[in-house]
Amino acid sequence: MIRANMIQMAAWLLARLLSFQSWKRGLWSCVRLGLIMGLSFVIIYPILQKIATAIKDKSDLYSPIVIWVPEHYTWDNFKQAIRIMDYWTTLGNTFTLSVMTTVLTAISCAFAGYGFARLKFKGSNLLFMGVILTILVPPTTILIPVYLNLKDLNLLNTYWPFILTSMTANSMKAGLYIFIFRQFFRGIPKEVEEAAYIDGAGVSRTFTRIMLPNALPSIVTVLLFAFVWQWNDSFYTTTYLTTSKVMSIQLSSLPYNLGIMLSDGVSSRADPFYQSMVLDTGMLLAILPLILIYIFVQRYFVESVERTGIVG
């Protein structure tokens, strides 16, 4: 009897192993594991490489046995990069600009998204098509007229171009943020608003007291996207702020400044390998605040993306 049960169990296990669905699930699991490992390698490998380079001593550059783990640890590369980039002043300016534009962009795009989602008026669909076009049309196509207008108003080399575009929902990627808010507000049941209207609330009060608190996932998504894109922006920043110390400008000028400061005025005499080491350190310092922010808010970011109109 026991032997018969064991034979039946072995036959059942064999059938399960040989079943098509089991092989299909196992193959799909392997494919997903391979994709995750590949993406993780592409994202994490450059960061680890820059960290390993940043803590190397200059002598380790010419050591054939040093690849990842240095023989001599040093903080001189960080000191050089911080001094050349005027890092703490640059960090404060960049953080101030990014926070200011992020908050203004989130407020203005939330108003615009709510208007497109709930306030129907003549030509609203045509106007929303224009918003979508701002996502598709490259920003370089309108750069010249915008630049000339700002120059006539003497607003270049100030934060006003970023403030004005953020307040009017015309900042970088604003079309995408309006789309995110619109999709989220459209998913909220209309009965919620109708109940507020019955209680005597107007459109503005319904938006601020009812709709906006429910839009927290989309707000978190827009805030993070806007902050990161403004922090990494080099197109608008190098156009409007040619003399201000912000991170993108300092990074773009870092190779030249590095060559001059390390070679006493003659950039051709500087060691190119050591320049590359300090340059990698400067890049690591530039993305370090974003990495720290992501470590603390990644759980809220993933949850907010799942609940907004970005997916599904």
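The values are calculated or read from the model by the stated rules, or taken from the named source; none is laboratory data. Because the structure is predicted, anything quoted here is derived from the model rather than measured. Cβ atoms come from the backbone with ideal geometry, glycine included; neighbour counts cover every protein chain shown. Note: accessible area is taken over every heavy atom of the protein model, side chains too, but ligands, DNA and RNA are not part of it. Shrake-Rupley method; radii C 1.70, N 1.55, O 1.52, S 1.80 Å.
Structure data summary
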quantity: In the range 187-206, the residues that are among the small types (Gly, Ala, Ser), modelled with pLDDT of 80 or more and more than 15 Å from residue 114 (Cβ to Cβ); calculated: 195
quantity: Checking residue 243 against (1) farther than 17 Å from residue 100 by Cβ; (2) open to solvent by less than 40 Å² (accessible area, probe 1.4 Å), the condition it does not meet; calculated: (2)
quantity: All positions within the range 166-193 that are touching a Pro at 6+ places or on another chain (Cβ under 8 Å) and either part of a loop (DSSP other than H, G, I, E, B) or free of Cβ contacts under 8 Å to residues at least 12 places away in the same chain (or both); calculated: 172
quantity: Out of 169, 174, 195, sole residue that is hydrophobic (A, V, I, L, M, F, W, C), more than 25 Å from the chain's Cα centre (by Cα) and open to solvent by less than 70 Å² (accessible area, probe 1.4 Å); calculated: 195
quantity: Matching residues, the range 97-120, being within 16 Å of residue 289 (Cα to Cα) and out of contact with any Phe, Trp or Tyr (no Cβ under 8 Å at 6 or more places or on another chain); calculated: none
quantity: Qualifying residue in the range 57-64 (condition: of a type in the set (D, E, K, R), part of a helix (DSSP H, G or I) and at pLDDT 85 or above); calculated: no
quantity: Criterion: closer than 27 Å to residue 59 by Cβ, modelled with pLDDT of 75 or more and either surrounded by fewer than 16 Cβ atoms within 10 Å (Cβ to Cβ) or in contact with a Cys (Cβ under 9 Å, 6 or more places away or on another chain) (or both) - qualifying residue of 254, 288; calculated: 288
quantity: Residues satisfying the stated conditions in the range 104-128, i.e. part of a helix (DSSP H, G or I), surrounded by 10 or more Cβ atoms within 10 Å (Cβ to Cβ) and among the aliphatic types (A, V, I, L, M); calculated: 104, 106, 107, 110, 112, 117, 127
quantity: Some residue of the range 44-52 being modelled with pLDDT under 65 and of a type in the set (D, E, K, R); calculated: no
quantity: Residue match in the range 154-161 (condition: aromatic (Phe, Trp, Tyr), within 17 Å of residue 233 (Cα to Cα), part of a helix (DSSP H, G or I) and open to solvent by 60 Å² or more (accessible area, probe 1.4 Å)); calculated: yes
quantity: Subset of the range 129-147 [β-branched (Val, Ile, Thr) and either assigned to a helix (DSSP H, G or I) or open to solvent by 80 Å² or more (accessible area, probe 1.4 Å) (or both)]; calculated: 131, 132, 134, 135, 140, 141, 142, 144, 146
quantity: Set 273, 227: member being modelled with pLDDT under 80, on the phi < 0 side of the Ramachandran plot, of a type outside the set (A, V, I, L, M) and in a helix (DSSP H, G or I); calculated: 273
quantity: Count of the range 39-86 residues which are under 21 Å from the mean Cα position of the chain (by Cα) and within 21 Å of residue 250 (Cα to Cα); calculated: 4
quantity: Given (1) farther than 30 Å from residue 170 by Cα; (2) modelled with pLDDT of 85 or more, index of the condition residue 67 fails; calculated: (2)
quantity: The lone exception for residue 150 - which of (1) of a type outside the set (Val, Ile, Thr); (2) under 18 Å from residue 244 (Cβ atoms); (3) touching a helix residue (DSSP H, G or I) at 6+ places or on another chain (Cβ under 6 Å); (4) not in a helix (DSSP H, G or I) it fails; calculated: (4)
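Rundown of residues vs (1) modelled with pLDDT of 85 or more; (2) more than 21 Å from residue 258 (Cβ to Cβ); (3) touching a His at 6+ places or on another chain (Cβ under 7 Å); (4) among the aromatic types (Phe, Trp, Tyr), yes/no style:
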site: 79; (1), (2), (3), (4): yes, no, no, no
site: 120; (1), (2), (3), (4): no, yes, no, no
site: 140; (1), (2), (3), (4): no, yes, no, no
site: 158; (1), (2), (3), (4): yes, yes, no, no
